[in-house]
Amino acid sequence: MVRRYLTNEGFHVACVFDGEAAANAFKHSHYDLILLDLMLPKLNGMDVLQTVRAKSYIPVIIMSAKDSELDKALGLGFGADDYITKPFSMIELAARVKAAIRRATQYIASHSKLNESIITVHKIELDTENHRAMKNGFEINLTSKEWKILLLFFTNQKRVFTKEQIYRSVWGDDYFGDENIINVHMSRLREKIEDTPSKPAYIKTLWGIGYKLGDFK
């Protein structure tokens, strides 16, 4: 039903029916977006998502009957761009697919204009061409949202960002005051990039205002 509707909307849709087939299809073909169920045979959806995120920042939308806050937090924490619970309307699904592809396209276009492919701040290097982050010569395994947040600060090193500005820049949507989304992603990012996450040096909190990149002499 999903394939039929999206095909009528002008998309080319490839269906697979278990996690191993999904991982294999992703490895051998190019796609613009992945619609991912969590309850898959052979290899579950979370494992498929981690396999994808190890190599690509392709937009991923989870569609699942699991509607608990924990399941949603896990899915987004592992790198999904969106989460839609069953049952859902086909109109809403198509709208989310189009929005995710549009955001990814705009993001790639805007950052392809960067003059340097390597941006260095203190011990961290961002390879904008290959979407890799390195610290002290070791790769940092970032989710797509964590990468976008870090890139936002590295390419605007003197600017202070409010949570609303971060959300609009990274998620590409209107901000409705859900601070927990920003807080969770910022906490996980700091766990990966900071020497002491409780005393962040790279991304500083300006209480009551937002965040800014730390100053390194």
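Looking at (1) at pLDDT below 85; (2) touching a Gly at 6+ places or on another chain (Cβ under 6 Å); (3) farther than 23 Å from residue 130 by Cα, find the lone condition where residue 53 falls short.
(3)
Filter the stretch 164-204 for residues that are of a type in the set (Lys, Arg) and modelled with pLDDT of 90 or more; which is most open to solvent (accessible area, probe 1.4 Å)? I'd like the intermediate steps shown before the answer.
Filtering the stretch 164-204 down to residues of a type in the set (Lys, Arg) leaves 168, 188, 190, 192, 199, 204.
Then keep just the ones that are modelled with pLDDT of 90 or more; that gives 188, 190, 192, 199, 204.
Numbers: 188: 87, 190: 34, 192: 79, 199: 157, 204: 88 Å².
Out of the qualifying residues, it is 199.
Of everything in the stretch 27-39, what is modelled with pLDDT of 90 or more and outside any loop (DSSP other than H, G, I, E, B)? Give them in sequence order.
Within the stretch 27-39, 34, 35, 36 qualify.
Quick check: is even one residue across the stretch 34-47 in contact (Cβ under 8 Å) with a residue 40 or more places away in the chain and on the phi < 0 side of the Ramachandran plot?
yes
Considering only the stretch 25-41, state which residues are surrounded by 14 or more Cβ atoms within 10 Å (Cβ to Cβ) and over 20 Å from the mean Cα position of the chain (by Cα).
First, pick out the residues of the stretch 25-41 that are surrounded by 14 or more Cβ atoms within 10 Å (Cβ to Cβ): 25-26, 31, 33-38, 40.
The answer is 25, 40.
Going through 6, 93, 49, 76 one at a time, which residue ends up being in a helix (DSSP H, G or I), open to solvent by less than 30 Å² (accessible area, probe 1.4 Å) and under 26 Å from residue 151 (Cα atoms)?
Details: 6 fails: under 26 Å from residue 151 (Cα atoms); 93 fails: under 26 Å from residue 151 (Cα atoms); 76 fails: open to solvent by less than 30 Å² (accessible area, probe 1.4 Å).
Answer to the check: 49.
The values are calculated or read from the model by the stated rules, or taken from the named source; none is laboratory data. Keep in mind it's a predicted model, so treat the numbers as computed, not measured. A quick note on method: Cβ atoms are made from the backbone with ideal geometry, for glycine too, and the neighbour counts reach across all protein chains shown. Heads up: the accessible areas ignore ligands, DNA and RNA and are worked out on the full protein's heavy atoms, side chains in. Shrake-Rupley method; radii C 1.70, N 1.55, O 1.52, S 1.80 Å.
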